[in-house]
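Worksheet: the structure to be examined is printed underneath.
None of the figures in this text is laboratory data; all of them are computed from the coordinates on show. On a predicted model such as this, the values are computed, not experimentally measured, just so you know. Backbone-built Cβ (ideal geometry, glycine too); neighbour counts: all protein chains shown.
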Amino acid sequence: MAIINTLQKCLDSPYLFEDKEAPTRIVELLAKAGDRLEAAVNIQTSGQGDPADVVFLSYEAMFSCVRALVYAKGYREFGLAQRLKMSPAEAVEASSAFVKRTLELLGQ
């Protein structure tokens, strides 16, 4: 059985709600995404530090982008995020692509 999620289904769930002030936080979220991605890249390229930090910082960058996309539509999220399980290199690659695509979608 396929799971089909629509905006209305999300709004009817406990995970998404309307917030007219949400778009005002987009700049802050994009800055956070950029900072976290930069830190992940620095740790990975230097070869110093904990690889788990690279994954965590990459995850935070992607999560900030997801929030920015949701907030741009005037909604806020509520709920628990799922853990990503990737290698540091995969996490940085996924995060870089995610941040880039978010900026494209938001016209930044």
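Values computed for the structure shown
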{"quantity": "Straight-distance crosslink candidates among lysines, where the alpha carbon sits under 30 Å from Lys85 and sequence neighbours closer than 8 are dropped", "calculated": "Lys9, Lys32, Lys73, Lys100"}
{"quantity": "Under 5 Å, built H, 5+ apart or other chain: amide partners of Leu16", "calculated": "Phe78"}
{"quantity": "Chymotrypsin sites (Phe, Trp or Tyr not before Pro) lying in DSSP loop within region 32-108, provided at most 14 other Cβ fall within 10 Å", "calculated": "Phe78"}
{"quantity": "Overall Cα dimensions of region 19-108 - principal axes, largest extent first, Å", "calculated": "43, 27, 16"}
{"quantity": "Stokes-Einstein D (µm²/s) once Rh is taken as the Kirkwood radius of region 9-72 over alpha-carbon pairs, at 25 °C in 0.890 mPa s", "calculated": "189"}
